[in-house]
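Down below is the structure, laid out as structure tokens.
The values are calculated or read from the model by the stated rules, or taken from the named source; none is laboratory data. Treat the numbers as computed from the prediction; the structure is a model and nothing was measured. Glycine also receives a Cβ, built like all others from the backbone with ideal geometry; neighbour counts cover every protein chain displayed.
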Amino acid sequence: MYYTLKYPLDKICIKSGVFCPSCQRKIESGVVTSSDIRILQALVNLEDKLKFLKKGEYVKSIDLGEYVVVLIKDGFEQVEIATLGKELSDAIGKRVKVIEYMSDLKKLIEQIIAPASLLGINKIWLPTGEEIVSVRISRRDRRFIAKNKDEYEELIEKISGIKARIVFE
């Protein structure tokens, strides 16, 4: 049986750049963004070179200006994730951080803030009913996060759907 990376759009549409009505609806509704399309095209081109891509699934990419965060899932090893990040960076000419998407919020946040280490996360419920996650990071790792603290908080919110606040302890 032949496996391939699962994409949100048809592989033929991604390769050709001409989208069928189904794919066009996903683009117009915002399910797939222009950032996603650029990453998807690079992934399709890398599929033959990086055989391990055939076992996973593409989730989403988030363009943060300086770099792009790519979310994938389904059992990639750390070496494969690092290789994919480097290959995608070369392909699109922009720094790429690949994160394995998972439902465990703590493990997801650990990947986002790496190389900083996570002390813990606390969920805080506000009187308005809103939920905020307080991400506790060691003071000694402040240098990794401090200048882009707002970016990291925004990224955690975009990926998890929960507002985040980073605190250094």
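Laid out as a table, the results:
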quantity	calculated
Residue list for segment 9-31, restricted to those being modelled with pLDDT of 90 or more, surrounded by 12 or more Cβ atoms within 10 Å (Cβ to Cβ) and not in a helix (DSSP H, G or I)	PHE19, CYS20
Of residues in segment 146-169 being under 20 Å from VAL70 (Cα atoms) and outside any helix (DSSP H, G or I), the one nearest to the chain's Cα centre (by Cα)	GLY161
Residue check for VAL69: surrounded by 18 or more Cβ atoms within 10 Å (Cβ to Cβ), in contact with a Lys or Arg (Cβ under 7 Å, 6 or more places away or on another chain) and outside the structural domain of GLY30 (by TED's automatic domain parsing)	no
Checking GLY129 against (1) exposed (fewer than 11 other Cβ atoms within 10 Å of the Cβ); (2) in a helix (DSSP H, G or I), the condition it does not meet	(2)
Pairs, first among the polar types (S, T, N, Q) in segment 95-118, second in a helix (DSSP H, G or I), C-beta under 9 Å, six or more apart	GLN111/ILE81; SER117/GLU110; SER117/ARG140; SER117/ASP141
Qualifying residue in segment 78-101 (condition: more than 21 Å from GLU151 (Cα to Cα), part of a loop (DSSP other than H, G, I, E, B) and assigned by TED's automatic domain parsing to the domain that holds GLU47)	no
Test: residue in segment 63-79 that is farther than 26 Å from LYS163 by Cα and under 13 Å from the mean Cα position of the chain (by Cα)	no
Residue within segment 43-62 that is surrounded by fewer than 18 Cβ atoms within 10 Å (Cβ to Cβ) and small (Gly, Ala, Ser) present	no
